[in-house]
Every structure is written in structure tokens, then in C-alpha cells.
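The values are calculated or read from the model by the stated rules, or taken from the named source; none is laboratory data. The shown structure was predicted, so the numbers you read here are calculated from the model rather than taken from an experiment. Positions of Cβ are generated from backbone atoms using ideal geometry, with glycine treated the same way; all protein chains shown enter the neighbour counts.
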């Protein structure tokens, strides 16, 4: 499984100047190539290389490998969107590969810049130090700091054979609730977001230089906090599933923002809900320890009674409370939804693939 290792670079003043200079020239070259690609209308790296390779090398003084990486970066952007001319910031990310980047022990990295090779100290966590990175990396400048985002390949164990699953319901009030009844509340995250909205509004309205400085220093603080909370929740969910010999059943919320209409007052809360990030964290942490993860259609999971199977909108009395109008079963709505998610996996029907005599089309693989 491929993961991204984030390492902070610790350059001195001269090294930082060389990194800034290289990033500026690299992205200026990207803009030059982008103008040609927009006219040519091709996203083939080989065709682009034939047209611009020698011009880029002579105009910008880039090495052969950096020139190829400029072409790769532009081609990948146009593969995603060919409809417009793409422009690149002067401090945009630089692609590095093994030809122009090498790791020196666990605390230094050698990078190629316009002036040649420089060796820069790096800062990594204790769990990252034993990892030996290989392959492509991105050099990123963010808030005056430099980071290397290095792709690493982690071996994953085979998935465990399980007979039961831990159902997990994702939400806004409770970020995650499992079928055992454990709530992971979103009170801290939602409270922080409300405070940040009020603070940003006041500072933007004030508009002074000191207010702008404060806005800049608080950038991404909310995002970092929410990310940390999602890491903690996902770690606890995976640890519980692994410790009890179960898999994880998650609701598939893909496209929920397009399917659901909310009131104007709730739009900020709805669109800042980081459910996709939490799901991604649970999935990759589960793969690292061999816990299977299955996605379940979330429709009516919070309206269906797990005892009698009656499904009605009236079963959901309030956001927090479930009460079946047919058999009288009551409980926290999120716990009921998590239990229904678990049962959806346990009771999933097994359908045999049709034989060749029954169908001329080959059987479709099911996940």
C-alpha cells in the first residue's frame, strides 16, 4: 500500500534562497510548457517533450531530469482538465524523483537545485525514522516552511477472516458512533469551527494590518485540529475492530452533499464536515493491520427498526432519538443506524455467479 510521508526540511538562509529560486524557475518553465500544451491540445508527455524539451533547457537552465519533470507535471494537470489554460504559482510544488533526490541516513536529504546539489537536515517523527523512502517526492512551501511529501510503499498483511463486523455511523453531532454504543462526539470540532467563523468575521471586518497578520497566523489551525481528531477516532475504531476480531462496516456517503439540501444556516456546518477524510483514515489504518472494511448504502439506516424491520420517517423522533412506531423499540438514533449498518453486512445475501449456460456474459466481480 502506498502512503505519503511528510518530512519538514530545515534549510539555512542560503539553502532557503536556493530552494525559492529553483521553485520559481521550475514553475515559470511549467507556465511556458502549459502555453504550448494548450495550443497543441495533446497530453502525451512524449509529444510534448519533442516540441519543448530543448527550448526549456536553454531558456531556463534546468537539468535534463528537471525538464522532464516539468513536462510531467504539466501533462498530469492537463489530463485532469483540458478545457482551459493552466497557470502555476511561482511557489508551486516541485516534483523530485530518485535521480535528483537521495536520502542521507535518516536525518538529511540531498536535493538538486539550480546551483547544484545541496544537503538539508530534515525533521521526522520517531515512527517515520525506520522507513526508507523511495520513489517520487513533492517539495512544497507552506507558510514559509518547506516540506517533502514522499511516497512510500508499505507491505500490508492479508485481510483477517471475520464472522462479525463493527458497524460505524458517521455524523456531524457525533462524528462516529459504533454498533457497540460508543460515541465519538464532534462537540470540540464543531465548537472550534463556530469560534473560528466568528473570529474570522470580526478580523475581516476590521481589516487592519494587525488583523490580517492574525488571520494569516491562524490559517489551517481549524483544519489541523479536525484532522488530528479524525486520526484519533480512526485509530480507536480500527483498534477495537482488530482487538475483537471483527471487520468494519462503514456507510458510503459518496455524493451526499449533492443529494441533500440543507437550510442556509446549516450550509457551513454541512460543507465543513470531514466525513471523507475520516473514512479514508479508517480504511488505510485498517489495511495496515489486516482488518476488512466494507461500505454499506446508508439509505434509511437511521429510520429502520433493527428489531421488527419497520422503516418510517416517523421512527426518527428527533436528531438524537429513535423510537419505532410499530414495536416501540427506542434508543439513540446513531446507535440504531450503526447497528443497521452492521446487520446490512452480516445479512448480505450471497448470490452465485450465473453459469455459462444461463448467461453468455462473463460474471462480474463483486467487492
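For (1) crowded, with 16+ Cβ neighbours inside 10 Å; (2) in contact with a helix residue (DSSP H, G or I) (Cβ under 8 Å, 6 or more places away or on another chain), each residue gets a yes or a no:
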| position | (1), (2) |
| --- | --- |
| 250 | yes, yes |
| 263 | no, no |
| 276 | no, no |
| 285 | yes, yes |
| 295 | yes, no |
| 307 | no, no |
| 330 | no, no |
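Find the helices (runs of 4 or more DSSP H) located wholly in the range 210-319 whose residues include 2 or more that are farther than 30 Å from residue 153 by Cβ, and list them.
221-243, 256-259, 267-271
Would you tally the residues in the range 143-172 being in a strand (DSSP E or B) and closer than 22 Å to residue 252 by Cα? If you could, list the steps in order and put the result at the bottom.
Going through the range 143-172, the residues in a strand (DSSP E or B) turn out to be 145-153, 165-170.
Keeping just the survivors that are closer than 22 Å to residue 252 by Cα gives 165-170.
Residues that pass the stated criteria total 6.
Condition first: touching a helix residue (DSSP H, G or I) at 6+ places or on another chain (Cβ under 7 Å), under 30 Å from residue 161 (Cβ atoms) and surrounded by 15 or more Cβ atoms within 10 Å (Cβ to Cβ). Can you find one or more residues in the range 200-220 that meet it?
The answer is no; no qualifying residue exists.
All but one of (1) part of a helix (DSSP H, G or I); (2) closer than 30 Å to residue 288 by Cα; (3) in contact with a strand residue (DSSP E or B) (Cβ under 6 Å, 6 or more places away or on another chain) hold for residue 140; state the number of the condition that does not hold.
Condition (1) is where residue 140 drops out.
Taking the stated definitions as given, is residue 71 closer than 29 Å to residue 152 by Cα, assigned to a helix (DSSP H, G or I) and touching a helix residue (DSSP H, G or I) at 6+ places or on another chain (Cβ under 7 Å)?
yes
Could you tell me whether residue 92 is assigned by TED's automatic domain parsing to the domain that holds residue 20, within 17 Å of residue 8 (Cα to Cα), loosely packed, with under 12 Cβ neighbours inside 10 Å and within 26 Å of the chain's Cα centre (by Cα)? Reasoning before the result, please.
Values: assigned by TED's automatic domain parsing to the domain that holds residue 20: yes; within 17 Å of residue 8 (Cα to Cα): yes; loosely packed, with under 12 Cβ neighbours inside 10 Å: no; within 26 Å of the chain's Cα centre (by Cα): yes.
The answer is no for residue 92.
Within the range 1-31, can you find the residues that are in a helix (DSSP H, G or I) and surrounded by fewer than 20 Cβ atoms within 10 Å (Cβ to Cβ)?
Result: 13, 14, 15, 16, 17, 18, 20, 21, 24, 28, 31.
Taking the stated definitions as given, is residue 338 at pLDDT below 90, under 23 Å from residue 178 (Cα atoms), assigned to a helix (DSSP H, G or I) and touching a strand residue (DSSP E or B) at 6+ places or on another chain (Cβ under 6 Å)? Can you show your working first?
On the way: at pLDDT below 90: no; under 23 Å from residue 178 (Cα atoms): yes; assigned to a helix (DSSP H, G or I): yes; touching a strand residue (DSSP E or B) at 6+ places or on another chain (Cβ under 6 Å): yes.
Spelling it out, it is not the case that residue 338 is at pLDDT below 90, under 23 Å from residue 178 (Cα atoms), assigned to a helix (DSSP H, G or I) and touching a strand residue (DSSP E or B) at 6+ places or on another chain (Cβ under 6 Å).
Please state which of the following conditions residue 61 fails to meet, knowing it meets all the rest: (1) closer than 20 Å to residue 116 by Cα; (2) surrounded by 16 or more Cβ atoms within 10 Å (Cβ to Cβ).
For residue 61, the exception is condition (2).
Residue by residue, here is whether (1) farther than 23 Å from residue 114 by Cβ; (2) exposed (fewer than 15 other Cβ atoms within 10 Å of the Cβ) holds:
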position	(1), (2)
43	yes, no
50	yes, yes
53	no, no
66	no, no
82	yes, yes
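State all residues of the range 82-97 that are in a loop (DSSP other than H, G, I, E, B) and in contact with a strand residue (DSSP E or B) (Cβ under 9 Å, 6 or more places away or on another chain); if no residue qualifies, say none.
Going residue by residue through the range 82-97, those that are in a loop (DSSP other than H, G, I, E, B) are 82-93, 97.
Of everything in the range 82-97, those that are in a loop (DSSP other than H, G, I, E, B) and in contact with a strand residue (DSSP E or B) (Cβ under 9 Å, 6 or more places away or on another chain) turn out to be 91, 92, 93, 97.
Exactly one condition in (1) loosely packed, with under 13 Cβ neighbours inside 10 Å; (2) more than 25 Å from residue 143 (Cβ to Cβ); (3) in contact (Cβ under 8 Å) with a residue 40 or more places away in the chain is false for residue 87; which is it?
(2)
Kindly provide the set of residues from the range 143-164 that are at pLDDT below 90 and surrounded by 12 or more Cβ atoms within 10 Å (Cβ to Cβ), ordered by number.
Matches in the range 143-164: 150, 151, 152, 153, 154, 156.
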